[in-house]
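Everything on this sheet refers to the single structure shown next.
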Amino acid sequence: MITKETLSIARLMEVLTTAYVEASLDTDGDILTKEDYRVYVQVPAGADSIRFLTQFSAATGASHEGLLEYANRVNAQLRVPRAYLIDVEGRRSIVIDEYVYVDAGLAEASFISALRRFHRSLRSAVDQDKDNVLG
(Lines give C-alpha, C1' and ligand atoms only; values in the text may rest on other atoms or scores of the structure.)
Protein backbone atom coordinates (compact mmCIF):
# COMPACT_ATOMS: atom_id res chain seq x y z
CA MET A 1 0.00 0.00 0.00
CA ILE A 2 1.23 3.49 -0.88
CA THR A 3 0.27 5.99 1.81
CA LYS A 4 0.97 9.68 2.37
CA GLU A 5 3.66 8.63 4.83
CA THR A 6 5.40 6.24 2.40
CA LEU A 7 4.87 8.25 -0.80
CA SER A 8 8.24 8.96 -2.43
CA ILE A 9 10.01 8.58 -5.74
CA ALA A 10 12.01 5.68 -4.28
CA ARG A 11 8.82 3.87 -3.22
CA LEU A 12 7.21 4.37 -6.63
CA MET A 13 10.36 3.13 -8.40
CA GLU A 14 10.20 0.01 -6.23
CA VAL A 15 6.57 -0.60 -7.25
CA LEU A 16 7.35 -0.01 -10.95
CA THR A 17 10.34 -2.37 -10.85
CA THR A 18 8.27 -5.08 -9.18
CA ALA A 19 5.60 -4.66 -11.90
CA TYR A 20 8.25 -4.89 -14.66
CA VAL A 21 7.53 -1.38 -15.91
CA GLU A 22 10.45 0.19 -17.79
CA ALA A 23 11.39 3.19 -15.65
CA SER A 24 14.42 5.33 -14.89
CA LEU A 25 15.22 8.50 -12.98
CA ASP A 26 15.82 11.69 -14.95
CA THR A 27 18.23 14.46 -13.97
CA ASP A 28 15.49 16.25 -11.97
CA GLY A 29 14.82 13.14 -9.88
CA ASP A 30 11.50 12.37 -11.57
CA ILE A 31 10.64 8.92 -12.84
CA LEU A 32 10.54 8.51 -16.62
CA THR A 33 8.43 5.67 -18.03
CA LYS A 34 8.16 4.76 -21.69
CA GLU A 35 5.50 2.97 -23.65
CA ASP A 36 4.30 4.75 -26.78
CA TYR A 37 5.14 8.10 -25.17
CA ARG A 38 7.43 9.36 -22.42
CA VAL A 39 5.55 9.84 -19.17
CA TYR A 40 7.06 11.44 -16.12
CA VAL A 41 5.92 10.36 -12.67
CA GLN A 42 6.34 13.05 -10.04
CA VAL A 43 5.61 13.44 -6.36
CA PRO A 44 4.86 17.13 -5.78
CA ALA A 45 6.59 18.49 -2.68
CA GLY A 46 4.44 18.17 0.42
CA ALA A 47 1.65 16.63 -1.59
CA ASP A 48 -0.58 13.64 -1.10
CA SER A 49 -0.67 12.85 -4.81
CA ILE A 50 1.24 11.39 -7.72
CA ARG A 51 1.42 13.34 -10.96
CA PHE A 52 1.67 11.74 -14.41
CA LEU A 53 2.90 14.19 -17.03
CA THR A 54 3.86 14.30 -20.67
CA GLN A 55 4.63 17.20 -22.96
CA PHE A 56 4.31 17.52 -26.74
CA SER A 57 6.08 20.30 -28.64
CA ALA A 58 3.93 22.35 -30.95
CA ALA A 59 4.35 21.66 -34.64
CA THR A 60 6.17 24.32 -36.63
CA GLY A 61 3.55 26.73 -37.86
CA ALA A 62 0.84 25.61 -35.43
CA SER A 63 -1.25 28.60 -34.42
CA HIS A 64 -1.94 29.57 -30.84
CA GLU A 65 -5.65 29.18 -31.55
CA GLY A 66 -5.12 25.73 -33.09
CA LEU A 67 -3.21 24.56 -30.02
CA LEU A 68 -5.93 25.87 -27.70
CA GLU A 69 -8.60 24.17 -29.79
CA TYR A 70 -6.65 20.92 -29.56
CA ALA A 71 -6.32 21.19 -25.76
CA ASN A 72 -10.03 21.98 -25.46
CA ARG A 73 -10.92 19.02 -27.69
CA VAL A 74 -8.82 16.65 -25.55
CA ASN A 75 -10.38 18.01 -22.36
CA ALA A 76 -13.90 17.65 -23.78
CA GLN A 77 -13.35 14.13 -25.07
CA LEU A 78 -11.26 12.59 -22.30
CA ARG A 79 -12.21 14.53 -19.14
CA VAL A 80 -9.22 12.97 -17.37
CA PRO A 81 -6.37 13.69 -17.92
CA ARG A 82 -6.25 17.43 -18.54
CA ALA A 83 -4.48 19.15 -21.42
CA TYR A 84 -3.22 22.72 -21.52
CA LEU A 85 -0.95 25.00 -23.52
CA ILE A 86 2.26 26.45 -22.15
CA ASP A 87 4.47 29.05 -23.81
CA VAL A 88 7.96 29.47 -22.38
CA GLU A 89 10.06 32.05 -24.19
CA GLY A 90 8.26 31.40 -27.46
CA ARG A 91 8.48 27.61 -27.22
CA ARG A 92 4.92 26.33 -27.16
CA SER A 93 3.96 22.91 -25.87
CA ILE A 94 0.89 20.96 -24.92
CA VAL A 95 1.12 19.45 -21.46
CA ILE A 96 -1.10 16.54 -20.52
CA ASP A 97 -1.19 15.52 -16.89
CA GLU A 98 -3.23 13.74 -14.27
CA TYR A 99 -3.07 13.55 -10.49
CA VAL A 100 -3.72 10.38 -8.51
CA TYR A 101 -4.42 10.98 -4.83
CA VAL A 102 -3.24 8.72 -2.04
CA ASP A 103 -5.30 10.20 0.83
CA ALA A 104 -6.65 6.91 2.11
CA GLY A 105 -3.84 4.83 0.66
CA LEU A 106 -3.32 3.52 -2.84
CA ALA A 107 -2.76 -0.13 -3.65
CA GLU A 108 0.33 -0.79 -5.73
CA ALA A 109 -1.82 -2.45 -8.41
CA SER A 110 -4.03 0.64 -8.54
CA PHE A 111 -0.97 2.84 -9.10
CA ILE A 112 0.18 0.63 -11.98
CA SER A 113 -3.35 0.56 -13.43
CA ALA A 114 -3.60 4.35 -13.24
CA LEU A 115 -0.25 4.74 -15.02
CA ARG A 116 -1.27 2.31 -17.77
CA ARG A 117 -4.62 4.10 -18.15
CA PHE A 118 -2.75 7.40 -18.51
CA HIS A 119 -0.58 5.90 -21.27
CA ARG A 120 -3.74 4.69 -23.06
CA SER A 121 -5.30 8.14 -22.66
CA LEU A 122 -2.31 9.65 -24.44
CA ARG A 123 -2.99 7.51 -27.48
CA SER A 124 -6.56 8.83 -27.49
CA ALA A 125 -5.30 12.39 -27.00
CA VAL A 126 -2.92 12.13 -29.96
CA ASP A 127 -5.81 10.80 -32.06
CA GLN A 128 -7.59 14.12 -31.36
CA ASP A 129 -4.84 16.01 -33.27
CA LYS A 130 -6.91 16.42 -36.45
CA ASP A 131 -5.13 19.66 -37.43
CA ASN A 132 -1.57 18.34 -36.87
CA VAL A 133 -0.67 20.88 -34.20
CA LEU A 134 1.61 18.49 -32.31
CA GLY A 135 5.26 18.32 -33.31
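The values are calculated or read from the model by the stated rules, or taken from the named source; none is laboratory data. Just so it is clear, the structure is predicted and the values come from calculations on it, not from any experiment. Neighbour counts run over all protein chains shown; Cβ positions are idealised from the backbone, glycine included.
Summary of computed values
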item: Failed criterion for Val80 (all others in (1) modelled with pLDDT of 95 or more; (2) of a type in the set (A, V, I, L, M, F, W, C); (3) touching a strand residue (DSSP E or B) at 6+ places or on another chain (Cβ under 7 Å) hold); result: (1)
item: Number of positions in segment 60-116 that are part of a strand (DSSP E or B) and among the polar types (S, T, N, Q); result: 1
item: Residue match in segment 13-29 (condition: in a strand (DSSP E or B) and crowded, with 18+ Cβ neighbours inside 10 Å); result: yes
item: Every pair of residues 6+ apart whose Cβ atoms lie under 7 Å, when the first sits in segment 48-75 and is without any contact (Cβ under 8 Å) to a residue 24 or more places away in the chain while the second is among the aromatic types (Phe, Trp, Tyr); result: Ala71/Tyr84
item: Tally of residues being surrounded by fewer than 16 Cβ atoms within 10 Å (Cβ to Cβ) and either of a type outside the set (A, V, I, L, M) or modelled with pLDDT under 95 (or both) across segment 31-47; result: 8
